[in-house]
Each structure stands twice: as C-alpha cells, then as structure tokens.
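The values are calculated or read from the model by the stated rules, or taken from the named source; none is laboratory data. Source: prediction; values computed, not measured. Here Cβ is always computed from backbone atoms with ideal geometry, including for glycine, and neighbour counts include all displayed protein chains.
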Amino acid sequence: MEQPFADRLAALVEERRSQICLGLDPDPAHLGPEGAAAAAGSQGAAAERAGRAVVAHCRALIERAGPACVAAKPQLACFERLGAPGWTALAETCATAREAGLLVLADAKRGDVPVTAAAYAQALVGDTPTPWGPVAGLGVDAFTASPLLGRDALEPLVEAAACTGAGVFVLVRTSNPGAADVQDLAAPERPLHEHLAALVDGLSERLLGERGLSGMGAVVGATEPEHLARLRELMPRSIFLIPGVGAQGGRAETLGPAFAPGPAAALVAASRAIAADPDPAAAAERLRAAVWDVSTA
C-alpha cells in the first residue's frame, strides 16, 4: 500500500509552501491558444480532435500554474462528454499532472448502492479483475464522492482508498448557491450538512496518516465561510477541499478556520480564477501566497 494521501499531501505542502489545487474544467468550445492550435493541426473525428485540443489546453495550464500548486483536479464530466477520446484525454492529463509533481484529485462526485460504488472505486483507484487479467483504473490520488445514499454506499469507496493510499472528499457543504436547498435543511438536532460532517468524521480513522490528518476529507465551499469553524470542529482531522474562491465569490482571507489543524489541513481548489486569467502562472502564484499567509497566520 502507498503512503497515505494525507501524508503525501502534507509533504508537498511543506515543500511548495502551497495548498492550491488546480481545477481542470476544459470546455472544447472555449480553449486557449494551445488547444486551438492542437485542433487546427490534427485530423479525425470531432471527438478525437477535441480530445487532443483538451490535452494541449490542460498541459499548458499545468506547465504555467503547476509550480504554484500541489494538486490538479480534473472535472471528469468535462472529459467524459467526449466519449472514448475524452477518457484518453483524461488519462493523458493525469499523467501530465503527475510528471509535474502534482497529486491528482478526480472530481467525480461518485455515489451509488454498494455494488456500484465498488465499481466506481475500481475505475478510480483500483483495478477490475477479468478472466484475461486485471484492468487498471485511472489510478488517481483522491476523488470526490456523494454521501446522500448513506454510509453503506461510502464503504466500498473508503475501503478502496484505504487499500491504495488514496483520499476521499465527501460533499458536505458545497459552494453552489443551491446548496442550501438540501444541505442546510433542518434535521431534528442540527442541519443536514452537520450530519454529513459527523459521517465523515466517523470514517476518518480509516484513512488517517501519521501526521494526524485524514484523507477522509470533506468538500466545504468558500462561498459560505461562516460554516467553516463549525465544520472544522466537527471534522478536526479531515482535510478540507475548498472550492469557490474567485469566480464564485469566495475569498482567501476568510478561510482561516479551515487551517486550524495546520497548513496541510485544506486544499483550495481554483479553476476559472486561474484558467481565465491572462497570466495563469501569476494568478496561481497570487492565490498561493494569499492562502499560505492565511494558513500560517
């Protein structure tokens, strides 16, 4: 088994003085010059040309912004919509991120009944046994998961992560405006997102690293920072994955409570805030410096 995700992340955070996770959400209709050039210089079906363009676009972002980051987060839907060429593009993009020294976090949001959850786990971090030999999955370092089917649906994902040293980031209080429609619903004792936090904390021992942080993490949006202190209280060992800084309105300076256990206790995910900037390298470095200051204050 590999070193636990939490420990690998902590080592990278210390080395790079960064907690930035580069979001890769490629839209084939709106790619940078590298993607356009790759499409113009290729032949084949539309999906194949789009796949090559997506790879070139993501490679350029990783090369420019990657030095200020510790992880890359490909949004699987953005690749899967291209069919088989999209999955090939995803695998190539993951390989590029690894070559740049980044951890790879698949934004998959998987969640289903246990038998299907086990198949998702094989596709993301394990392999699938067949009569002709095992078929390797994507082999990512961590992935996002939905908890709304309950603990038994999370169990196969957590078990696979424990066996491979991967991390799992469970949706707890997300950054989209509609999150309150469900995640803030009042339950008999506390809001639903607090029940989800308790579920994550109950599983955190399974993915605990030697530094006291757990790869049983939580997705907690930056757009409602008033929840951070309470959620950190409920999940003292979990690494937080924090989307929503920049384009969605979240601000780095409000994230202090997430880092209460230390600088490696949270990852700040940024997609458009970096990719849409005329200088992605400078945008990533500005965010890296701002988050580092908050995490070490």
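Some values worked out for this structure:
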item	result
Helices (runs of 4 or more DSSP H) within segment 221-297 that include 1 or more residues among the hydroxyl-bearing types (Ser, Thr, Tyr)	280-295
Residue satisfying all of: in segment 1-26; among the acidic types (Asp, Glu) and farther than 21 Å from Leu287 by Cβ; surrounded by the fewest Cβ atoms within 10 Å (Cβ to Cβ) among these	Glu2
Residues of segment 265-279 classified as at pLDDT 95 or above and farther than 21 Å from Ser175 by Cβ, total	1
Meets criteria (modelled with pLDDT of 95 or more and either under 12 Å from Met216 (Cα atoms) or among the acidic types (Asp, Glu) (or both)) for Gly139	no
Complete set of residues in segment 236-282 that are charged (D, E, K, R) and farther than 18 Å from Cys58 by Cβ	Arg237, Arg251, Glu253
Helices (runs of 4 or more DSSP H) fully within segment 1-93 counting 2 or more residues that are in contact (Cβ under 8 Å) with a residue 40 or more places away in the chain and more than 15 Å from the chain's Cα centre (by Cα)	5-16, 46-65
Given (1) without any contact (Cβ under 8 Å) to a residue 60 or more places away in the chain; (2) within 23 Å of Ile62 (Cα to Cα), number of the condition Lys109 does not satisfy	(1)
Residue within segment 140-158 that is over 18 Å from the mean Cα position of the chain (by Cα) and touching a residue at least 60 places away in the same chain (Cβ under 8 Å) present	no
Residue within segment 156-176 that is surrounded by fewer than 16 Cβ atoms within 10 Å (Cβ to Cβ) and at pLDDT below 95 present	yes
Scan of segment 257-297 for residues that are touching a Pro at 6+ places or on another chain (Cβ under 9 Å), surrounded by fewer than 16 Cβ atoms within 10 Å (Cβ to Cβ) and not hydroxyl-bearing (Ser, Thr, Tyr), ordered by number	Ala260
Scan of segment 242-257 for residues that are modelled with pLDDT of 90 or more and over 16 Å from the mean Cα position of the chain (by Cα), ordered by number	Arg251, Ala252, Glu253, Thr254, Leu255, Gly256, Pro257
Filter result (under 20 Å from Pro243 (Cα atoms), crowded, with 24+ Cβ neighbours inside 10 Å and not small (Gly, Ala, Ser)) within segment 48-75	Cys58, Leu61, Cys69, Val70, Lys73, Pro74
